[in-house]
1. Please tell me if A:GLY284 is part of a helix (DSSP H, G or I), under 18 Å from A:VAL45 (Cα atoms) and out of contact with any strand residue (DSSP E or B) (no Cβ under 9 Å at 6 or more places or on another chain).
2. Only residues that are out of contact with any Gly (no Cβ under 6 Å at 6 or more places or on another chain) and on the phi > 0 side of the Ramachandran plot: list them for the range B:231-288, please.
3. Name the residues in the range A:112-128 that are more than 10 Å from chain B (Cβ to nearest Cβ) and β-branched (Val, Ile, Thr), would you?
4. Would the range A:80-93 turn up any residue that is touching a helix residue (DSSP H, G or I) at 6+ places or on another chain (Cβ under 9 Å), of a type in the set (S, T, N, Q) and surrounded by 22 or more Cβ atoms within 10 Å (Cβ to Cβ)?
5. Mind listing just one residue for me: the one in the range A:1-34 that is without any contact (Cβ under 8 Å) to a residue 24 or more places away in the chain and outside any helix (DSSP H, G or I) and, of those, surrounded by the most Cβ atoms within 10 Å (Cβ to Cβ)?
6. Exactly one condition in (1) of a type outside the set (Phe, Trp, Tyr); (2) within 12 Å of chain B (Cβ to nearest Cβ); (3) buried (at least 19 other Cβ atoms within 10 Å of the Cβ); (4) more than 26 Å from A:VAL118 (Cβ to Cβ) is not met by A:LEU299; state its number.
7. Scan the range B:13-40 residue by residue and report those that are within 11 Å of another protein chain (Cβ to nearest Cβ) and under 15 Å from B:TYR223 (Cβ atoms).
8. So which helices (runs of 4 or more DSSP H) stay within the range B:157-272 end to end and still have 1 or more residues that are more than 14 Å from chain A (Cβ to nearest Cβ), surrounded by fewer than 19 Cβ atoms within 10 Å (Cβ to Cβ) and out of contact with any Lys or Arg (no Cβ under 7 Å at 6 or more places or on another chain)?
Amino acid sequence: MKAALIVAGWIAAPVLYMALFPDSLVLASQILLMGLFALSLDLLVGYAGVASLGHAVFFGIGAYGAGLLAANGWGEPLSALVLTMLVAAIFALPVGLLVVRGGSLGRLMITLGIATLVSEAANRASGITGGADGLQGMDVWPLLGLFSYDLQGRTGFVYAWIVLTLGFLAVRSIVASPFGLSLQAIRENPVRAAALGTPVRARLTFAFVLSAALAGAAGAVMAQTTQVVALNSLGVHLSADVLVMLLIGGVGRLYGGLIGAAIFMVVHHWLSDLDPVYWQIWIGLILIGAALAAPDGILGAIEKLRSRKQVAW
Amino acid sequence: MLAQFIGVVLDGIAYASLLFLISVGLSVTMGLMQFANLAHGAFAMAGGYMCVYAMQALGLSYLAALPIAFLFSMVLGVILERLLYRRLYSASHLAQVLFTVGLLYLSMGLAVLLFGPGAQAIHLPPFLQGQIAMFGTQLSVFRAFTIIFVLIVALGLAFVVRWTRFGARIRCSVDNRAAAIGIGIDVDKVMTYAFALGSGLAGVGGALGVQLMGLDPSFPLKYLAYFLLIVVVGGAGSFIGPLFAALVVGVVDTAGRYYAPVLGSFTMYFLMIALLLIFPHGLVGRAR
């Protein structure tokens, strides 16, 4: 019964949204894709317990991968999506091997260092990436050869929703699988997990690769639907933002990334409309308030309230 | 050729001494509390802007503006530590990241609000301008001043850490917090003092850095990776470690930009990541 309701909700929500707000589909698709990006990070941070300040590297590889394919005559979106996910995964393998070696703070630093390194590389290689001007001349073919991208962003919205749904199902089944359970065991106690015979580094590296592929998918679809790729899609700033989105929503709960992305993007959009110069101050204050009031995110706070109520009864 | 190399190394050392001055406080607070503080650069930026403000609006001399920058960042550090940081010492690293990213954005926004988005410049007093000949090369007087200034501060710090009671308390609290509390050291208070001193030093570093590192509202984010890498590569909680790490970063980064401009900061980042992998607990750190 509950499962049927959830499935109905996942199908009904986009249809309702398209009917009610046909004019704000572009922002909505960006929220969906940032949600997918944050979800990919949740697999890594929330389930495997590997914090990363450089996850935008893989989002950026997806975005530039799809963008470069489209700019060089390969505009077919779905095959490009699969291909860029593969590239992100291949790039993630050596990075993951490095990252999982460190301690908790060390991992944050290594990922931050790699993110800085990659964004510097993209900035330097302006012949390929377009540098600070962004990538020029993308030509994305219609989806399945049938649906071209309209100004309202309907195709982009549906495309983003379908990719998000598939990504969500994938992460859901990964975390419920024996592999996912072993990740959670490692998160809870790496020493004990190793003593039980879990190959800790191999499992964490594999989680890193899966998470990177998913982040690459989010980046690829973002590039294909907006037809813009710029340097900010792989910078440290975006890496910090996506981590913040996940933390606002709550880690290790699947929906946390989606909720956090929606809140962050809407607040960001609203504040930068309201106050284009000083919105950073407000975002900063909101994050500080969130860290103090709800360190486990919104979902964490809700769980706490619920359990408190049960005790009272 | 050799003279040129010496010149590059001296420039690198000047840069390194600034990085050390800013990062050393972060090392102590990260070692004491294992706190993931991504907003440390904001204290350096605050010092830089205070220096600019003191000189331009208050008409003070450069040498008078430096201690003001120190005091300003120190007071800011005490207030924030007492009011906010303190509440998150026992929270998860992730909550600390959320908090300090918020502080980072807030500081950048406030800098735009108060000083505008552009880069700031200050006019050095005449006795800090010009070049001096040294080892067959030219070193700018300001760089020499920076190196000597930081050298004196570093020696002073080394004295405090090694030979004073306060230094002993810091070392004890870093080494074993539980034992420190057990023998009656007020670790909370040590933390506040260490945070104050570290923020103040970062403020002076930011003020000196207006010349060599530049100052604009993106400062704390732009140099975030530098400060954190220096601390983590050096070994959080140590004093000598960040000094080595800062020297490596400063010299390699400067030499890399000079001799291989195509690579930019690559050389430095590669080296840092390699060092971090070879010494996962820092050059002089230990496993915890």
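Where a number appears in this text, it was derived from the coordinates with a stated rule and is not lab data. Predicted, not measured: the structure shown is a model, and the values here were computed from it. Cβ sites come from the backbone with ideal geometry, for glycine too, and all protein chains shown count toward neighbours.
1. Working: part of a helix (DSSP H, G or I): yes; under 18 Å from A:VAL45 (Cα atoms): no; out of contact with any strand residue (DSSP E or B) (no Cβ under 9 Å at 6 or more places or on another chain): yes.
When the stated conditions are applied, A:GLY284 does not pass them.
2. B:GLY264
3. The answer is A:ILE128, and nothing else.
4. yes
5. A:SER24
6. All conditions pass for A:LEU299, except number (2).
7. Step one: list which residues in the range B:13-40 are within 11 Å of another protein chain (Cβ to nearest Cβ), which gives B:30-31, B:34-39.
If the condition is that a residue be within 11 Å of another protein chain (Cβ to nearest Cβ) and under 15 Å from B:TYR223 (Cβ atoms), then B:ASN37, B:LEU38, B:ALA39 are the ones that fit.
8. Values: elements: B:165-175, B:177-182, B:187-212, B:219-222, B:224-234, B:240-259.
Output list reads B:165-175, B:177-182, B:187-212, B:240-259.
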